[in-house]
1. If the requirement is being assigned to a strand (DSSP E or B) and either touching a Phe, Trp or Tyr at 6+ places or on another chain (Cβ under 6 Å) or over 26 Å from GLU139 (Cβ atoms) (or both), which of these qualifies: GLY214, GLY226, GLY164?
2. What's the number of the condition ARG43 fails, among (1) crowded, with 21+ Cβ neighbours inside 10 Å; (2) out of contact with any Phe, Trp or Tyr (no Cβ under 8 Å at 6 or more places or on another chain); (3) modelled with pLDDT of 95 or more; (4) among the basic types (Lys, Arg)?
3. Hey, among ILE113, ILE156, which residue is out of contact with any helix residue (DSSP H, G or I) (no Cβ under 7 Å at 6 or more places or on another chain) and among the aliphatic types (A, V, I, L, M)?
4. Step by step: first the residues of the range 122-147, then only those that are among the hydroxyl-bearing types (Ser, Thr, Tyr) and part of a helix (DSSP H, G or I), then the one that is surrounded by the fewest Cβ atoms within 10 Å (Cβ to Cβ). Which residue is that?
5. With the checklist (1) of a type outside the set (A, V, I, L, M); (2) within 17 Å of PRO81 (Cα to Cα); (3) under 17 Å from the mean Cα position of the chain (by Cα); (4) surrounded by fewer than 13 Cβ atoms within 10 Å (Cβ to Cβ) in hand, flag the one item GLY252 doesn't pass.
6. Here is a list of conditions, (1) crowded, with 16+ Cβ neighbours inside 10 Å; (2) without any contact (Cβ under 8 Å) to a residue 60 or more places away in the chain; (3) over 26 Å from ARG279 (Cβ atoms), and ALA48 meets all of them except one; can you say which number that is?
7. Within the range 233-285, how many residues turn out to be touching a helix residue (DSSP H, G or I) at 6+ places or on another chain (Cβ under 6 Å) and not in a loop (DSSP other than H, G, I, E, B)?
8. Which members of the range 73-101 meet the condition of being touching a residue at least 60 places away in the same chain (Cβ under 8 Å) and of a type in the set (D, E, K, R)?
Amino acid sequence: MQNAAQQQSADDAVTRYRRDGYAIIRGLFAPDEVAAIGASVDRLHAEAVAHGRSFRHGNLFYRMAAGEGGAAPVVQMVQWPSYHMPELDAVRRDPRWAALLAPLIGGDIKQIINQLHWKKPGSKGDFAWHQDSQFRKPEAAYRNLSDAYVQTGLAIDPHTRDSGCLRFIPRSHLKGELALDYSSDVLGRSMDDEALAAVGLSANDVIDVLLEPGDVALWNSYMVHGSGTNRSDHQRRLFINGYVRAGDCDRGEWAFRAGKPVPLGPEPVLVHYEQLHERPEPHYV
C-alpha cells in the first residue's frame, strides 16, 4: 500500500510524464530489493559470458559484442530474462508498476520490452540518438504509440554522466516520429549532435537522467534519447521493462489484467523475434 508521500510522487510523475515525455520516481525499489535484483543480474551476466557469443532460446536472447583490441566478448544486453529467472519475472509484474501505469495506460497491460543492459567500466555501450517508436514493427501490431506505450528503466547502479547515463531531450515526444539516422545499429554507436540538428533539435536542450539504485525513469515512445560511454569505476546496469495498453498491441506478454499481475504462460508469445515459431530451439547467433 502506498503512503501519502509515495502517492504524491506518483501523481507528480504522471503530470511530468504527460508534459515532458518522461518522469523520474525516486526510490521505488528499496536497497535490499535492488541488491537481490542485482545478484540475479550478475548470475545472468555470468551465463552470457559462459556462452561466449550471442545466444537465443525463443524470446530469451543474450547479445554479445566483440571485445576491443582482441579482448573477450562483452555482454551488451539480455532480452526477456524473465522467461529464465522467476525472480526477474516477479519484478516485471510487481504491483508498483501497475499503480504507476494505471493513470497513463489503464489496468489491462501487456509487455513488449523486458531486457537488461550492462556497461562495465571503460565499456563503450553507447546508444545513438533514437526514438523507441522506430522499433515498434510491424506498425499494424503497435498502435497509438504516442499515448499507449510507457518505457521504464530501473537503475541497479548509480547512473551518472561518467557512467553513461540516459540522456533525454524533454518534450521532444511532442514532435512525433522524426527522421533520425538509423542507417547503422543504434547500440554501439555514439550520440551525434549533428543528428539532432538534422531533425530540428538542439543539443543545448539535452538533460542527463541521473539515477540512484532503486530509482525509476519512465519515458514516451517518441522521446529522443541516447546514452554514452561508461567512464566511471563501476558498472552501470539498467533493467528496462516496456508496457503497453493491451488493446493497442497485438503482441507481447500479459503483465497485468485489471491491475492484477499475470505470470508468464507455458509457451512464449510473439513479441519481436519473428522466427519464434519456426526456430524456437536454443541456438547461437
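The values are calculated or read from the model by the stated rules, or taken from the named source; none is laboratory data. A quick note: this is a predicted structure, and the numbers were derived from the prediction, not measured. Methodologically, a virtual Cβ is constructed for each residue, glycine included, from the backbone with ideal geometry; neighbour enumeration extends over all protein chains shown.
1. GLY226
2. Against the list (1) crowded, with 21+ Cβ neighbours inside 10 Å; (2) out of contact with any Phe, Trp or Tyr (no Cβ under 8 Å at 6 or more places or on another chain); (3) modelled with pLDDT of 95 or more; (4) among the basic types (Lys, Arg), ARG43 comes up short only on (1).
3. It is ILE113.
4. SER146
5. Answer for GLY252: the failing condition is (4).
6. With (1) crowded, with 16+ Cβ neighbours inside 10 Å; (2) without any contact (Cβ under 8 Å) to a residue 60 or more places away in the chain; (3) over 26 Å from ARG279 (Cβ atoms) applied to ALA48, the lone miss is (3).
7. 7
8. Hits for the range 73-101 are ASP89, ARG92, ARG93, ASP94, ARG96.
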